[in-house]
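The values are calculated or read from the model by the stated rules, or taken from the named source; none is laboratory data. These numbers were taken from a predicted model, which means no experiment stands behind them. Don't worry about glycine lacking a Cβ; one is built from the backbone with ideal geometry, like all the others, and counts go over all protein chains shown.
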């Protein structure tokens, strides 16, 4: 047995407990750090070969691990740019040095330029909708750009498509003169009218009047007649005009100052289902735009006329804010009109999250033991979803850390006693020589 060996073993024990106390210190210091993952110390023995009746004391080795995969509690936030991940995955962020890393700290707020950054200064990255719905790059970070919520100015988009649903009364009177498509006054009273709003390239609102007039009734035909008389279907004329061109002061919109911008003939079978004419295009020479209309869901039943429709597009409108949904899609909200998708936030994961290498700023980078990074969108491929107006708290168990601190203190003291005993034995040996 070596007295020096026992003293060195005691020193390794004190160092091990000091390492354990260091992890406790880090954990307690970061108990309120957003998305922080607790560190823990585990120990393994180092055995030295012994023989001949002598025992050689070894030492203890410290291994530090991080509970990265353990999710912390979710706390609410008043900011819709504060995000938490419910389930697996990490936000992809970029540091000031341009390095792309992973984090669970979603305390993002806009900086002076509108880029979302967390309290550690890392910028949230995502894919842009500038070229349509984005596709994720699963094995890398190519195509990612900073998420910017400073959407200023006015935005608009012209109408390019529209649709109508409803019913045309099968018992309507068939007319052959005074049709709306002729654009003469008076127009037949046996016509139905609905209107729809569209938008031109400058964001101006353009209203269109749509007229439905029955022009032919179905007949069974007579195939045995000479010559045979074919069966016919119910037919309706559809005529579309610019509302701004309507006549005024006459009690009627006809005649319009310009001709129809679209006409079509709808045909219906014996069951009242449309068989043709439901798709046509509004071509407006005054706006130099066209709107593809879909009326194929219209029916012809023995019921009152009804019509409901809409077009896409948006009038010129300012952005009032942004929202982020559970799939990570960032929407710009406008004063008027529907929200518009501008970015999508991806999530990344690795095979072994607990083996990620932690860096300053509460971020992680892949290591050889963690596996390669795989990127995807939220709610897919085993990843969780993104919750706005919330943050993930630290997963530190404060009561457990205080217990570990007491244990480390007692173990450190016990090891120091071993060291002191070895020092006393050395004093005995030294005194024998005096």
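Check 170, 163, 120 and return the single one that is within 34 Å of the chain's Cα centre (by Cα), under 30 Å from residue 235 (Cα atoms) and surrounded by 15 or more Cβ atoms within 10 Å (Cβ to Cβ). Please lay out each step first, then the result.
Details: 170 fails: within 34 Å of the chain's Cα centre (by Cα); 120 fails: under 30 Å from residue 235 (Cα atoms).
The unique qualifying residue is 163.
Mind telling me which of the residues 92, 60, 138 ends up being assigned by TED's automatic domain parsing to the domain that holds residue 324 and at pLDDT below 95? Explain how you work it out, then say what you get.
Working: 92 fails: at pLDDT below 95; 60 fails: assigned by TED's automatic domain parsing to the domain that holds residue 324.
After ruling out the rest, the residue left standing is 138.
Within the stretch 147-160, which residues are surrounded by fewer than 18 Cβ atoms within 10 Å (Cβ to Cβ) and either within 16 Å of the chain's Cα centre (by Cα) or modelled with pLDDT of 95 or more (or both)?
160
Pick out the one residue from 248, 336, 320 that is closer than 30 Å to residue 108 by Cα, free of Cβ contacts under 8 Å to residues at least 24 places away in the same chain and assigned to a loop (DSSP other than H, G, I, E, B). Before you say what the answer is, go through the steps one by one.
Values: 248 fails: closer than 30 Å to residue 108 by Cα; 320 fails: assigned to a loop (DSSP other than H, G, I, E, B).
None of the others qualify; the one that does is 336.
Does residue 189 satisfy the criteria of being part of a loop (DSSP other than H, G, I, E, B) and without any contact (Cβ under 8 Å) to a residue 24 or more places away in the chain?
Taking the combined requirement at face value, the residue satisfies it.
Using the structure shown, decide if residue 270 is in a strand (DSSP E or B) and either surrounded by fewer than 18 Cβ atoms within 10 Å (Cβ to Cβ) or touching a residue at least 40 places away in the same chain (Cβ under 8 Å) (or both).
Numbers: in a strand (DSSP E or B): no; either surrounded by fewer than 18 Cβ atoms within 10 Å (Cβ to Cβ) or touching a residue at least 40 places away in the same chain (Cβ under 8 Å) (or both): yes.
When the stated conditions are applied, residue 270 does not pass them.
Considering only the stretch 376-383, I want to know if a residue exists there that is in the same structural domain as residue 118 (by TED's automatic domain parsing) and loosely packed, with under 15 Cβ neighbours inside 10 Å. If you could, list the steps in order and put the result at the bottom.
Taking the stretch 376-383 as the starting set, the residues that turn out to be in the same structural domain as residue 118 (by TED's automatic domain parsing) are 376-383.
Right, trim to loosely packed, with under 15 Cβ neighbours inside 10 Å and you get 380, 382.
For the stretch 376-383, residues in the same structural domain as residue 118 (by TED's automatic domain parsing) and loosely packed, with under 15 Cβ neighbours inside 10 Å: present.
Somewhere in the stretch 356-363, is a residue assigned by TED's automatic domain parsing to the domain that holds residue 150 and closer than 24 Å to residue 128 by Cα?
Let us first name the residues in the stretch 356-363 that are assigned by TED's automatic domain parsing to the domain that holds residue 150, namely 356-363.
Of the ones still in play, those that are also closer than 24 Å to residue 128 by Cα are 363.
Yes, some residue in the stretch 356-363 is assigned by TED's automatic domain parsing to the domain that holds residue 150 and closer than 24 Å to residue 128 by Cα.
Got a sec? Which of 143, 72, 114 is under 22 Å from the mean Cα position of the chain (by Cα), more than 30 Å from residue 2 (Cα to Cα) and not assigned by TED's automatic domain parsing to the domain that holds residue 330? Give the derivation first.
Working: 143 fails: not assigned by TED's automatic domain parsing to the domain that holds residue 330; 114 fails: not assigned by TED's automatic domain parsing to the domain that holds residue 330.
From the options 143, 72, 114, the qualifying one is 72.
Conditions: (1) over 25 Å from residue 278 (Cα atoms); (2) in the same structural domain as residue 254 (by TED's automatic domain parsing); (3) at pLDDT 95 or above. Residue 202 meets all but one. Number of the miss?
(3)
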